[in-house]
Structure formats: C-alpha cells, structure tokens
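Below is one structure; the comments refer to it alone.
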Amino acid sequence: MIRVDRDRPIHIVLRYADNFAGTADTIKSHNEIARKSGYVWLGKLGYKTLSHTLIEDLNRRSKSRSAPLLYMVKCSRGRFTTHYAKIVETRRTKPRDAAHIPGYYPKDRPFSLWFKIRPFRPAQNYVLFSLIVISSRNPVSNSLASSMAPYFIVSEDEDRLAEILTHKARFGTFPEMKSSKKGKPRGTRIKSEEELLREDLGIAEDDFELINSFNNQ
C-alpha cells in the first residue's frame, strides 16, 4: 500500500495516446465539455486502479486549497507534451452524467478510474522534473522513460523545483525533457510484461494494450 503524507500535496500523472481517441484530440475533446459546463469526466482505460483508501484521500484533498492535479503526458516523436487540470472528484464507477463524457469513449471497454476535472491547461515539461513518484522516490520524468506503468502517484519536491529555477536563471532555459524513438531514452531498459506482472498482479491485458500504445507514438 502506498503511504502518503496527509499534509503534502499529491497529484496523479497519467500517460495517454491520442490513438485511443480515434480522430479526436484527447485534450481538446475534454476541454470542449469542461469549458462549456464547468467540468468533464476523464476515464482511465484498463483494469489497474487506485485503492479505495487513496480515492477517499484524493476526494478529501479535492475540497481543500491544495487540491490534487491530474497531469496528462503524451510522448510523440521523442518529445513529451504535458497538460494539467484540477481534480474535483475521483471514483471507480462510471458517472451517470454521460453528457460530461466525450463521445469517442468506447462503450465495450473497461474503465477502472474516473476523474472529474476542470479544463486542462498546458504545462511546461520542467514541472515533471519536480514531481516525485511516492512509491519509488524517483522523479516522474525518469519513471515516464523507464517504466511502462500507465499512471503514477506523485508529490511535489520544492528543492528540485528550486534547482530547476536556478538552471533557468543561469542558462536562460528550463531543462528539456527528451525521449528517443518510442519514448525510450538510449541506455534505458523497459521492463517486460512478465516483470510487471510479478510486481503488480492487478495489471491486466487491457492495461498492457494501453501501455504498448504509448510506445507506438
């Protein structure tokens, strides 16, 4: 079980690929609904999900000033694009207000998590250097490149953020997050499906299909 500090902000980093949206743009499709009605539901495809305890904690935090954020990260042609949105509610079951779900969502596929969110905003990729995966204590920028996991539970690292801002002051630019072809940096070994299954028995075929789609961008 992942243990989180009740006083430290936590967020979710979710990887996605537009090929699951058909001809639609994932971020644009969700923002069209969110900007019109104030919120939109975003579903995570596959069976891998969050514990009930963590969902309760996220919902408690959503009512505070330090509400959790949902970071959406896409890799295309070796570069990452990041957007973020405020999480209003998290749940496992499909919401009943279908009008707040983009129309491209497949009806015959499992969705294990649903996030009720505000409109997405673009984020500089340097933010990913300052977010730490709670389970491993590694920067999420490293985990995105070396792990096939579809999402990460992260916290903020103020010291790393200070280092990033110092880099900007010295060199005039933020550190750039790059990836080689298929989102795999040179010299990094991606874990196999067998290794992932040994680490997490909750991962399923649909999760692997989604994970593999990240590497086909």
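Things worth noting here:
- Applying the criteria of a DSSP loop state and at most 16 other Cβ atoms within 10 Å to the trypsin sites (Lys or Arg not before Pro) of the range 84-146 yields Arg92, Arg96, Lys107, Arg137.
- Restricted to Cα atoms, the range 27-101 shows a radius of gyration and a Dmax of 13.6, 38 angstrom.
- Cα-based Lys pair tally, the range 1-142, threshold under 20 Å, eight or more apart or on separate chains: 25
- Projected-area mean, the range 65-123, by convex hull of Cα positions, square nanometres: 5.5 nm²
- Length added when fully stretched, Glu89-Arg8, from 0.36 nm per residue minus Cα-Cα: 27.3 nm
- Taken along the Cα-to-beta-carbon direction at a fixed 7 Å, the label points for Arg96 and Ser136 span 4.1 nm.
- Potential lengthening of the chain between Lys28 and Ala169 amounts to 47.5 nm, from the contour at 0.36 nm per residue minus the alpha-carbon distance.
- Cβ-based exposure ranking for Leu113, Leu14, in which fewest neighbours within 10 Å come first: Leu14, Leu113
Bear in mind these aren't lab numbers, they're just calculated from the coordinates by the rules spelled out. Since the structure is predicted, the reported quantities are computational estimates derived from the model, not experimental observations. Every residue, glycine among them, receives a Cβ derived from its backbone with ideal geometry; neighbour counts consider all protein chains shown.
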